[in-house]
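Some notes on the structure that comes next.
The values are calculated or read from the model by the stated rules, or taken from the named source; none is laboratory data. Here the structure is a predicted model, which means the values were calculated and not measured. So basically every Cβ, Gly included, is an ideal-geometry build from the backbone, and we count neighbours across all protein chains shown. These area figures cover heavy atoms from the full protein model, side chains too; ligands, DNA and RNA do not enter into them. Shrake-Rupley method; radii C 1.70, N 1.55, O 1.52, S 1.80 Å.
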Amino acid sequence: MSRPSRLQRQVLSLYRELLRAGRGKPGAEARVRAEFRQHASLPRSDVLRIEYLYRRGRRQLQLLRSGHATAMCAFVRGREKTEEPSGRAGPGNFPEDDDNSRSPLDSMRSPETPPKKW
């Protein structure tokens, strides 16, 4: 097996530092593990994304170490309804073309640009 690259060593070091920084904070260790597991399947060749996630992790580490963070959690998006009971358009459903279904913001749309004549 070959030696780990510099980027691999940096990521592993960041992982250990995040776990240490989050030791006394509720939810921090589980969140760090979940985040790293989520991105563990990234291909090694996707260096740009790995470097982006590394920088993002460094910023999170600074926040955890700053002393202002007391816990760590994530916002979870709940399930959206596919159809509202009133028959109005919900996410994924488009309103029918009648005058009652127009939004008050429809009049604020920019006018269509005329086609260019060459």
> Once phi is turned into θ = phi - 60°, what whole-Hz ³J(HN,Hα) does the Karplus curve with 6.51, -1.76 and 1.60 give for every residue of the stretch 6-11, x standing for Gly and Pro?
Replying inline: 4, 5, 4, 5, 5, 5
> Ranked from highest to lowest mean number of other Cβ atoms within 10 Å per residue, what is the order of the peptides 1-9, 31-39?
Replying inline: 31-39, 1-9
> Which whole-Hz couplings ³J(HN,Hα) result when phi for each residue of the stretch 52-62 is put into the Karplus expression 6.51 cos²θ - 1.76 cosθ + 1.60, θ = phi - 60°, listed in order with x for Gly and Pro?
Replying inline: 4, 5, 5, 5, 4, x, 4, 5, 5, 5, 4
> For the stretch 30-39, in order, what is each residue's ³J(HN,Hα) by Karplus, 6.51 cos²θ - 1.76 cosθ + 1.60 with θ = phi - 60°, in whole Hz (x at glycine and Pro)?
Replying inline: 5, 5, 4, 4, 5, 5, 5, 5, 4, 9
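Can you give the local net charge around L14? Use residues other than it whose beta-carbon is closer than 12 angstrom to its beta-carbon, Lys and Arg +1, Asp and Glu -1. Numbers along the way, then the final one.
Numbers: positive: R9, R16, R20, R55, R56, R58, R59; negative: E17, E35, E51.
Once positives and negatives cancel, what remains is +4.
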>> Accessible area per residue for the stretch 1-58 in Å², computed with a 1.4 Å probe and the full protein assembly in place, what is it?
In response: 75 Å²
